[in-house]
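Following: one structure in structure tokens, then a few remarks.
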Amino acid sequence: MALSNRRILILYGSETGTAQDKAEEIDRMCQRLRFHTELDAMDNVKLNDLLQDYDLVCFVVATTGQGHFPNSSRKFWKNLRRARLPPNCLETVQFTTFGLGDSSYHKYNWASRLLHARLLRLGANEVFARGEADERHDDGIDSIYQPWLKDFKEFLIKSHPLPPSVQPIPEEEPLPPRYTLSLCLGEAKSRPAPEAAVDAETAVDFPPPVLLPCPNNNDAVVISNTRVTPSEHWQDVRLVELDVSFPVVDGVAYEPLPGDRVVVYPKNYPSDVKKLIELMEWDAVADKEVFLGAKVPNGLYPPAKCTLRDLLTHNIDFMAVPSRSFLHKLAFHTTHEDQKEKLFELVQPDAAQEFYDFTSRPRRTILEVLAEFYSSKIPYEAIPDVFPIIRGREFSIANGGETLKKAQPLKKDDAKEAAEGPANDTVVCRIDVFAALVEYRTIIRKPRVGLCSRYLKNLPVGTPLHVEMKRETPPPTGSAAANRPLIAIATGTGVAPVRSLIHDRIQNSPRAETLLFFGCRNKSADFHFHEEWETTPDLTVMPAFSRDPKQAEPEAKPKPEPETEKDVPETNPNEKPLANGVLAINGTEESETPTEPVVVTYSYDEGKNYVQHVIRRNAAKVCELLKKNAIICLCGNSGRMPKSVREALCDAAVSGGFCKDTVEAEKLLFDEKDPNKVFYWEETW
Ligand SMILES: Cc1cc2nc3c(=O)[nH]c(=O)nc-3n(C[C@H](O)[C@H](O)[C@H](O)COP(=O)(O)OP(=O)(O)OC[C@H]3O[C@@H](n4cnc5c(N)ncnc54)[C@H](O)[C@@H]3O)c2cc1C
Ligand SMILES: NC(=O)c1ccc[n+]([C@@H]2O[C@H](COP(=O)([O-])OP(=O)(O)OC[C@H]3O[C@@H](n4cnc5c(N)ncnc54)[C@H](OP(=O)(O)O)[C@@H]3O)[C@@H](O)[C@H]2O)c1
Ligand SMILES: Cc1cc2nc3c(=O)[nH]c(=O)nc-3n(C[C@H](O)[C@H](O)[C@H](O)COP(=O)(O)O)c2cc1C
């Protein structure tokens, strides 16, 4: 039992669930210390709520986008930033913050830093030192989070000692669930089990097209789903065309723009759901209608009239890699003593290596863990409390301009038409999703496939979907932007938002030049859209094929980082323009005389041919466009690439004569406080 005079409020801002998971762990730690806890998404509380009689308010906040607050915390942040809040309005609030971020992003842990600074400015008191964790660390977020949590616990024990007669709740004792599930009353309604469809050899094992009530959903239908990489290439990259329907409200409908994202909610396969039901012995209730308790986990959107099987198919992420908190909760539902002990061992903060070796390294799924720990039987009532939920996956829209108008109005079924009016109350846009399927191997022999990747791989043409459109800070578009040159840098599927921008530009006239540095693996396998580029006006493409043989270049000798412009020649003599300005690199077209190696190498990309190398080699061209007020866009995978490209842009700006040194280049390209800053837009994931 919590002691009534000990109260803690735990608030989170989470985009993909990690911060929420950590906040829930803090919540359980505080409950064990007999605090009465309240846990919620930041947007679900008002500023005044902070002033209630809490001993402490703990914020757990991730950063998303390019230095943005997660969706579930933006309303709160907007309120907190209001200029007319009195300077000491939070002076009675005791708080701490924990930030989750990734140091490969330019605005590392931006949201938690902004929040922390603002709370202090409004007079709140930091009673326990803030923590800040980096996803890039060897052990990920946990490397900082686990020691921080341990210290935070020590702090609470010292600052809020329990009366001598009261002990903390031991780790081995389960806590009451925060979220619950029940069978619908009135002789629980059920639906026939779709067993036959799953078992029959001819039946297709694919989730049913049930539409989820996800936020701001738009009706969509799959028009095509085509693999664009050759079948013999290891990577399956697909172009999925969707017709998305936008309601006209007061004569206006949503207009998709470059930089927008479509959110797709993936689903589990019926055969896996069946396996889970059998493992957990839920057969008797699997096709009964269920309802969730008053409190529902943030981001859970169950279908209408939902059976347990529906919930498992559409909402419960049992193919995810298990978190510590999942394994901890699982231990309470495990009867075999050795298995229980093993689970408790794995979640100990000092067992980081064992935990990593068991979970992230092989990328074991929850389903596999449940099969291994065969004595674990989670009661169905605990499902929303124990399992993570499926989150929507974002995809940058890959087209724009006139191509959005290819769609036909969607035909509505009668019930929908009666409720919402005829289809001409909507505008339908053809939206391209360009997806690289996540398929890889780990130390476990079985290949791993991302949840959404598996869903997209077999998503049939004609499938109805509910998708959400998201817009954060879009890149400049329209005639004013088209009048300025564009320097675009994209790797892999990062070409998606760039293609959208290019489509937008070519519908404008007059139009300045576009220079695209595109990084992919092979000219023959994943030089995406190269045919389209050949007929695109005012576009020059400079590809960097990272895995094609470097025929013309001698073995690259390690070179120091360039300090002066003489390290970086203006152009690579092995780069030859093709028709319409598309370039071929490294002797894949007939090459001229081989010269000294020009690839500037860092230890990790030594000998590679990446976009950053091509940028450096074409410093003069980059600077010519920068002098004409160019816009820069960088899109693709997060990790090392964005930082390396930003460095290459600075180097090119110096060696090409746009800036006197890299300090000035840094300022002009990336310092948001500089009034002369070049317009720079980044979208990396
Ligand atoms: C703003 C934004 C725009 C995006 N736009 C696009 C886009 O246009 N096209 C596109 O394809 N994707 C895009 N994505 C990524 C997309 O949302 C999904 O993350 C991606 O499709 C993978 O989802 P999944 O469910 O298949 O994989 P998940 O089941 O979520 O698994 C992904 C996880 O698998 C692990 N993983 C991946 N590869 C490996 C590996 N080789 N070794 C070990 N572990 C690995 C990583 O931990 C990764 O986090 C975008 C993301 C964002 C945030
Ligand atoms: N093993 C796998 O199955 C595997 C491998 C990679 C990606 N993926 C998945 O596929 C998704 C998207 O793939 P994608 O093809 O769109 O993009 P990508 O993996 O980012 O690759 C695109 C290009 O970027 C290059 N690149 C890699 N590191 C770089 C760096 N530091 N600087 C500059 N360029 C760099 C790659 O070269 P190199 O590859 O030659 O280094 C490749 O030519 C990823 O999110 C990942 O999950 C799976
Ligand atoms: C699309 C995307 C954008 C991100 N942007 C940033 C960023 O700008 N700064 C940062 O420090 N971390 C960034 N991150 C890292 C996340 O903050 C980190 O992965 C965190 O653990 C996610 O927590 P969540 O699951 O609660 O959203 C980003 C992650 C993703 C997937």
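The values are calculated or read from the model by the stated rules, or taken from the named source; none is laboratory data. Fair warning: this is a prediction, and the values are worked out from it, not measured in the lab. Positions of Cβ are generated from backbone atoms using ideal geometry, with glycine treated the same way; all protein chains shown enter the neighbour counts.
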**Prompt:** Residue check: is Asp272 surrounded by fewer than 21 Cβ atoms within 10 Å (Cβ to Cβ), acidic (Asp, Glu), assigned by TED's automatic domain parsing to the domain that holds Val433 and touching a helix residue (DSSP H, G or I) at 6+ places or on another chain (Cβ under 7 Å)?
**Reply:** no
**Prompt:** Within region 632-649, is there a residue that is part of a helix (DSSP H, G or I), out of contact with any strand residue (DSSP E or B) (no Cβ under 8 Å at 6 or more places or on another chain) and away from ligand 2 (no atom under 11 Å from the Cβ)?
**Reply:** no
**Message:** Any residue at all in region 498-509 that's away from ligand 1 (no atom under 16 Å from the Cβ) and aliphatic (A, V, I, L, M)?
**Reply:** yes
**Residue among Val438, Val433, Val461 that is near ligand 1 (Cβ under 7 Å from one of its atoms), surrounded by fewer than 17 Cβ atoms within 10 Å (Cβ to Cβ) and either without any contact (Cβ under 8 Å) to a residue 12 or more places away in the chain or not assigned by TED's automatic domain parsing to the domain that holds Glu513 (or both)** = Val438
**Item:** Residue that is touching a Leu at 6+ places or on another chain (Cβ under 6 Å) and surrounded by fewer than 20 Cβ atoms within 10 Å (Cβ to Cβ), where the choices are Ser509, Ser524, Ser479, Ser453
**Value:** Ser453
**Prompt:** What number of residues in region 293-350 are assigned to a strand (DSSP E or B) and among the aliphatic types (A, V, I, L, M)?
**Reply:** 1
**Asked** What pairs can you find where one residue is in region 62-79 and outside the structural domain of Leu120 (by TED's automatic domain parsing), the other is among the basic types (Lys, Arg) and near ligand 3 (Cβ under 7 Å from one of its atoms), and their Cβ atoms are less than 9 Å apart, with a gap of 6+ or different chains?
**Response** none
**Request:** Please determine, by comparing only the residues of region 218-254 that are farther than 29 Å from Asp425 by Cβ and away from ligand 1 (no atom under 16 Å from the Cβ), which one is surrounded by the most Cβ atoms within 10 Å (Cβ to Cβ).
**Result:** Pro230
**Fill in**
When region 42-51 is checked residue by residue, the ones that are in contact with a Leu (Cβ under 8 Å, 6 or more places away or on another chain) and part of a loop (DSSP other than H, G, I, E, B) are Val45
**Fill in**
Subset of region 364-377, residues more than 29 Å from the chain's Cα centre (by Cα) and buried (at least 20 other Cβ atoms within 10 Å of the Cβ), comes to Phe373, Ser376
**Request:** Could you please let me know if Glu394 is at pLDDT 90 or above, closer than 28 Å to Pro303 by Cβ and among the charged types (D, E, K, R)?
**Result:** yes
**Prompt:** Inside region 434-476, can you point out the residues that are within 14 Å of ligand 2 (Cβ to nearest atom) and either assigned to a strand (DSSP E or B) or at positive phi (or both)?
**Reply:** Phe434, Ala435, Ala436, Glu439, Tyr440, Arg448, Val449
**Request:** Assess whether Arg499 counts as being charged (D, E, K, R) and surrounded by fewer than 20 Cβ atoms within 10 Å (Cβ to Cβ).
**Result:** no
**Complete:** Taking region 477-492 and keeping residues without any contact (Cβ under 8 Å) to a residue 40 or more places away in the chain and part of a loop (DSSP other than H, G, I, E, B) leaves Asn483
